[in-house]
Each structure stands twice: as C-alpha cells, then as structure tokens.
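The values are calculated or read from the model by the stated rules, or taken from the named source; none is laboratory data. Everything numeric here is computed off the predicted structure, so don't read it as measured data. With ideal geometry, Cβ positions are generated from the backbone for all residues, glycine too; neighbour counts draw on all protein chains shown. The area values use the complete protein model at the heavy-atom level, side chains included, leaving out ligands, DNA and RNA. Shrake-Rupley method; radii C 1.70, N 1.55, O 1.52, S 1.80 Å.
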Amino acid sequence: MINITGSIKRAFVFPAIPKVALTYYSDISRVAEFLPHISLVHAYSHNQIRMLYETVELGAYTIQIYSDLESSVDWNAMVLNVYPIKINEAPPVQAGTTMRQATGSGLFAIDTQFFDLGAQTRVEYTIRLKADLERPLGMRLMPKRVVGRIAQSITDERVKEIADGFIKSSIEAFPNWKAAEQTVSK
C-alpha cells in the first residue's frame, strides 16, 4: 500500500469584502478549476461534486485519487467547508493498479475562514488529502519503507503546489468573475 497523507494551512488577502469573497469561493464546481492537479469529474448538485486528484510521479507512475465532496457555507460565521461525503447517485470508484498506475478513492477537505479587512478579506484555509492506494506493479520490488518516504515527500510537495496554485489562480480569475456578475445584475 501507498499511504498518501498531506495537509497545509495558508492565508492570503483577497481583493473584495468578505461577503463577495465567500460568494466567489462558495461555487465548488467553479473553484475546483483553481486547484492544480485536481479536476472536476462531475457536479451532482450546486454543492456536491466528484473530483479527481491526478499526478504523474517519478516520471513514470500515475496516481489517481477520486473524492466525492460537499460544500457548506455558514454566512454568520463566514466559514466555507468542503468535506468528503457519500453521494448516493455517484457510481463507486473502482480501485485498481497497473504496472505504472494506482487508482482509488480518498479524502479531500478544505476548511476556510473569511476575516473582514474593510475593502479586503483575509482568507485562511486548510487543505487535507488522504488516501491508501495499492502500489503500482512497477513499484512492488521497492522496499515499502522507501516507497513510503518517496510518497510522503511527493505528497507534501503536491499539497503545497495545490495550496499556492489555488491562491494565485483564484485571485487572477476574480476580475473576470466580478465583471460577469456585474453584467448579470444589471
């Protein structure tokens, strides 16, 4: 087995008031595109999705982790949570392994708090990723301890890339979203 576990906390200043920032980030289907290595597989409702974490590691091994997620917003506390759930209409993910690929289900979660800075918002969020996958056949000759250390090192780096890429991409996309929202509200 490959144990993939990663968690990171980040904070940044977003160029809008908290209500606008929370509205912007609460659309889980749209926000998924801001996460490097992660893609939207299917939206089951406005707040329930299946996403895929996929990466090629060591230039040869593809790791795919599917997660069914639900988002919830607490407007009074200015909190957005994305957490794993069981979606009844979602087909089960078939775990599998080939010579150079491991596929399975995992847990992905984001907890986000929005703080008022006047015309801006301080956003603090934590991303967590966890999965246990069968080792690709090509890795079975490697000692488990070595595979574990490699997997942890890679996972730590990928979680950093996801968190930092999310900040950059979401801030860059905000002006277009804001302009589209203003057009719709006219």
Worksheet item: Considering only Cα-Cα distances, which of the following residue pairs are longer than 22 Å: Lys130/Lys168; Lys86/Lys178; Lys9/Lys130; Lys19/Lys168?
Response: Lys130/Lys168; Lys86/Lys178
Worksheet item: About the Cα centre of the range 1-143, what is the dipole size in debye to 20, counting +1 per Lys and Arg Cβ and -1 per Asp and Glu Cβ, all else neutral?
Response: 300
Fill in: Carbon/sulfur fraction of accessible area - the range 1-107, other protein chains in place, 1.4 Å, %
56
Worksheet, complete the sentence: Between the modelled labels at Glu181 and Arg145 (7 Å from Cα along Cα→Cβ) the distance in nm is 5.3
Discussion item. Ordering Val147, Val56 by accessible area with a probe of 1.4 Å, largest first, what comes out?
Written reply: Val56, Val147
Worksheet entry | Cα centroid of the range 121-161 to Cα centroid of the range 19-46, whole Å | 23
Discussion item. Just want the answer: with Cβ charges of +1 for Lys and Arg and -1 for Asp and Glu, which residue in Thr62, Val73, Ile38 is farthest toward the dipole's positive end in the range 1-119?
Written reply: Thr62
Worksheet entry | Value at 222 nm in deg cm²/dmol, rounded to 500, when DSSP H runs of n ≥ 4 in the chain each add -39,500 (n - 2.57) | -10000 deg cm²/dmol
Fill in: Solvent-accessible area of Leu107 with every protein chain in place, 1.4 Å probe, in Å² to the nearest 10
90
Practice prompt. Provide the per residue accessible area, probe 1.4 Å, for the range 29-148, rounded to a whole number of square angstrom.
Written response: 51
Worksheet item: Considering only Ala131, Phe166, Leu107, whose Cα is most displaced toward the positive end of the charge dipole of the chain, charges sitting on Cβ of Lys, Arg (+1) and Asp, Glu (-1)?
Response: Ala131
Worksheet item: About the Cα centre of the range 74-186, what is the dipole size in debye to 20, counting +1 per Lys and Arg Cβ and -1 per Asp and Glu Cβ, all else neutral?
Response: 600
Worksheet, complete the sentence: Which of Ser67, Ser29, Ser153 fluctuates most in a GNM of the chain (C-alpha springs under 10 Å)? That residue is Ser153
Item to complete: Kindly sort His42, His37 by accessible area of their heavy atoms, largest first, with the probe set to 1.4 Å.
Response: His42, His37
Worksheet entry | Under 11 Å, Cβ to Cβ, from Met51 - net charge with Lys/Arg +1 and Asp/Glu -1 | -2
Fill in: Total formal charge among the other residues, if their Cβ is under 12 angstrom from that of Asp111, Lys/Arg +1 and Asp/Glu -1
+1
